[in-house]
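Everything on this sheet refers to the single structure shown next.
Taken together, the values in this text are just the output of simple stated rules run on the coordinates, not laboratory data. These numbers were taken from a predicted model, which means no experiment stands behind them. Positions of Cβ are backbone-derived with ideal geometry, glycine not excepted, and every protein chain shown enters the neighbour counts.
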């Protein structure tokens with residue numbers, strides 16, 4: 001028999017009606033509010049899997065494994081070490097390989113934006129004369145499709161990456177693994193959004209011949225740039241580094257500029273490059289994706305772990321990987337519609353479904369998970385500043401820990417919510433929040449808006465069943 | 001006529017605020033009918049029954065919120081749906097500075113929180129209670145519709161862990177001087193209360209306050225705790241907690257008459273307690289064997305008087321009537337056949353106490369939906385005759401709508417209905433103040449009382465109102481201000497529950 005209730009100061013966790021909470025506070029006692037919502041109804045298989053994973057001995061093994069996984073994510077120290085052409089640097093790259101965002105997909109299942117990007121890349125690589133011919137090539141096995149993620153890469157939006165494109169090379173100074181990602185084409189009528197007209201191809205040619213080589217030479221002069229510290233600073237400057245990258249871009253450019261000036265390109269070319277970087281805050285967007293990928297790959301493949309190491313989408317399917325399954329075991333479900341403000345002239349029904357490897361940022365703890373750091377993003381993706389604050393708080397419910405190396409000032413320098421736990425997602429019914437751009441549903445058009453989206457529950461349900469078999473089976 | 005529905009996926013709000021919002025939206029002039037609710041099977045059935053079902057609403061799940069409106073034109077529907085959001089934001093309680101999405105998260109982050117208050121839909125309440133108990137927290141379950149099996153299970157779990165479960169369906173508690181849910185603002189003191197009755201414990205605490213004493217702790221255990229199935233687990237535990245509580249010098253136990261075997265167990269424990277105990281099993285006669293250490297009372301008023309006497313060491317006070325009414329003059333005015341008392345109550349225990357007094361005098365003429373004995377039950381659907389006392393907070397009146405302590409709609413309709421009956425002489429009302437109640441419950445009854453008076457006047461009949469305001473001047477609604485609103489309309493306001501019965505009887509005798 002306890003008498004704690006009567007002998008300690010009353011403090012209440014109020015689960016439900018909010019007025020009870022405010023009435024208690026009005027009387028000078030402490031009460032915190034739980035904004036309760038009903039749990040989801042799960043299938044018997046999912047319930048059985050959750051029960052199996054909740055057995056004390058199993059739960060303890062999971063706890064230990066997850067602790068190791070988040071330790072690796074937090075300890076990872078990504079640094080930029082160079083730029084290089086995909087064919088030279090990306091593992092498994094060939095002249096007719098087309099890497100794409102998201103889990104594996106065949107040409108026949110690709111959405112409009114993905115098809116637009118694929119055919120544009122085929123023309124860019126000289127594998128076809130024009131888009132119509134490129135569609136033939138793609139449909140008839142003239143190119144090999146493979147997910148970026150299966151080549152240590154991540155790709156923004158369609159994520160289409162072909163042999164001669166220039167890639168960031170990001171090395172994990174602690175664990176040694178390397179991650180790659182394409183260069184930003186800036187916004188908005190661009191290949192990764194599904195556009196593929198001559199202006200798009202011309203820009204890719206310039207990026208291959210001038211922009212990429214200048215960056216490569218700059219990094220040969222610079223040696224390396226500490227991206228983890230730069231990301232920490234960008235978060236403190238009001239970025240969330242998925243869709244708001246203005247601080248990160250300034251910081252990265254500031255580090256690169258002295259070396260860019262020393263390269264042996266003409267003044268006119270340097271001016272073009274500087275103007276190109278100035279044309280969009282997104283220049284460093286892919287950089288933070290590679291940082292995230294680099295940290296998460298270091299944590300992948302820890303038996304018994306239920307932590308998500310990849311979330312990605314190909315415009316048709318949403319896919320996740322879980323640290324407990326080494327290699328490339330994908331759990332997939334349908335990609336969802338992104339809800340948010342549309343650019344002038346477009347309506348929600350013009351939207352393609354959720355697409356891109358950029359959800360790697362949320363998997364790492366930035367992006368939608370760090371929106372409290374970036375209240376200025378609200379007009380771009382919709383919602384209110386309170387919503388933005390709450391997303392960052394809510395994500396604690398489904399993650400394993402916080403990352404002390406990357407903090408959010410307005411939350412009292414609380415670390416990023418880190419290590420999405422499949423079990424917690426299902427127990428709470430709270431889905432990871434992703435903020436992202438919206439590409440047109442048809443090929444050839446480009447970006448038409450931005451907004452917020454969640455993964456489908458299905459991916460976590462499939463994962464938990466597999467985890468129960470693997471860990472508790 | 002157009003029907004338009006919006007389904008908001010994954011947008012949960014509690015049924016209490018959605019029902020209140022529905023009421024407001026239905027009051028919009030352009031709205032023919034409207035319903036806002038979560039996409040539960042029950043709500044979808046209601047939507048179907050009122051002809052507002054659309055393909056969108058049919059697809060909604062219990063995690064999705066449905067807004068459906070019926071208006072003359074499609075444009076009106078769009079306007080109404082926009083209005084919903086405006087009205088919603090007006091009614092919103094300011095967001096708490098610290099809020100969590102799940103209770104597990106809250107327990108992990110708030111190790112010092114000693115109590116969880118759970119007011120989620122009934123089918124989820126037991127699981128939330130188990131989660132709280134597993135996290136080592138005492139629990140107050142405000143939710144109703146929790147099964148007896150679940151109640152027994154969580155109370156056993158709590159008992160084994162040395163924790164308290166208040167409820168389910170517990171509306172009132174005062175812990176360390178802080179009023180919870182529907183509690184009133186009463187003085188702190190040394191009388192500890194364990195109650196299986198919501199408005200009963202409110203009344204008891206207010207009476208004790210009015211007598212100049214105060215409450216150390218008020219523990220609500222839920223209306224079923226003293227049933228045979230539950231066996232009084234929590235009343236027994238709470239008694240022992242109060243016995244150990246240095247702030248408490250007298251313990252009061254309040255309940256409707258419990259199962260005989262449970263009553264015996266509770267009285268046995270009370271007799272053995274280290275502090276004097278007042279027992280009130282509302283309406284039940286004192287047991288024939290005098291019990292040591294136990295004072296037995298039949299009404300909340302007598303329980304309060306006995307407890308204050310024990311606490312102060314002074315003799316039990318007598319209470320002079322608070323009203324000064326020339327009842328003979330009132331009686332002289334009645335028309336032929338105008339003889340009935342109609343009680344329209346928000347508080348179940350208030351109804352119960354009035355029922356016991358009336359039944360004692362006029363067993364043949366008194367009926368109520370709170371009666372346990374089927375002989376005194378209201379005949380379903382039959383016209384009301386005789387003294388009819390209705391607890392409008394009973395389940396049959398609150399399915400799919402807010403409790404009358406929060407939403408006056410149903411009682412106002414019943415007041416007007418009762419006034420139209422030529423047999424009605426006196427309408428008896430209770431007005432509950434307190435933290436969770438309507439912000440102006442007396443004011444909310446004013447239009448209905450005025451309309452009722454007009455109906456009677458048009459028919460040339462007199463009509464009397466007797467009301468009791470349950471609360472204190474420190475309650476957010478302020479008792480004196482509430483009383484004035486009623487006396488301004490000629491309502492006879494008495495000063496305790498029992499007087500509702502005695503004055504009404506004297507006026508109609």
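Points to keep in mind about this one:
- Whether chain B is rounded, prolate or oblate, judged on the alpha carbon gyration tensor where a/c under 1.5 counts as rounded: oblate
- Shape box of the stretch B:39-124 [Cα atoms, principal axes, largest first, Å]: 55, 28, 16
- Helix-derived mean residue ellipticity, 222 nm - over chain A, DSSP H n ≥ 4, -39500 (n - 2.57), to 500: -11500 deg cm²/dmol
- Per residue, the average separation of C-alpha pairs within less than 8 Å and at least 6 apart gives chain B a relative contact order of 10 percent.
- For the stretch B:189-319, the extents of the C-alpha atoms along the principal axes are 38, 29, 28 Å, listed from largest to smallest.
- Computed over the stretch B:363-444, the P(r) tail beyond 18 angstrom holds 48 percent of alpha carbon pairs.
- Counting, for every residue in B:102-113, the Cβ atoms of other protein chains within 10 Å of its Cβ and taking the mean gives 6.
- Relative contact order computed over the stretch A:77-289 (Cα-Cα under 8 Å; 6+ residues apart), in percent: 27 percent
- Counting neighbouring beta carbons within 10 Å and listing from fewest to most, the residues A:371, A:93, B:241 come out as A:93, B:241, A:371.
- Shape metrics for the stretch B:276-376, restricted to C-alpha atoms - Rg then Dmax, Å: 17.1, 52
- Where only alpha carbons of the stretch B:327-508 are counted, the Rg and the Dmax (Å): 15.2, 44
- Within 10 Å of each Cβ in A:393-399, the average number of Cβ atoms from other chains: 4
- Kirkwood-based shape ratio for the stretch A:368-463, expressed as Rg/Rh from alpha carbons: 1.02
- Across peptide A:38-46, the average count of Cβ atoms from other chains found within 10 Å of a residue's Cβ is 3.
- Mean separation of Cα contacts under 8 Å (6+ apart) over length of chain A, as relative contact order %: 20 percent
- Rounded D (µm²/s) - the protein assembly as shown, Kirkwood Rh over Cα pairs, Stokes-Einstein at 4 °C, 1.567 mPa s: 41 µm²/s
- Theoretical ellipticity at 222 nm over chain B - DSSP helices of four or more residues, -39500 (n - 2.57) apiece, nearest 500: -12500 deg cm²/dmol
- As a proxy for reagent exposure, B:256, A:424, B:417 were ordered by neighbouring Cβ count within 10 angstrom, fewest first; the result is B:417, B:256, A:424.
- Overall form of the stretch B:116-170 per C-alpha gyration tensor (a/c, 1.5; a/b vs b/c): prolate
- Overall dimensions of the stretch B:2-91 as given by Cα atoms, namely Rg and Dmax in Å: 11.6, 30
- Projected area averaged over orientations for chain A, convex hull of C-alpha atoms, nm²: 24.5 nm²
- In plain terms, the residue of B:213, B:227, A:199 with the fewest other Cβ atoms within 10 Å comes first and the most crowded comes last, giving A:199, B:227, B:213.
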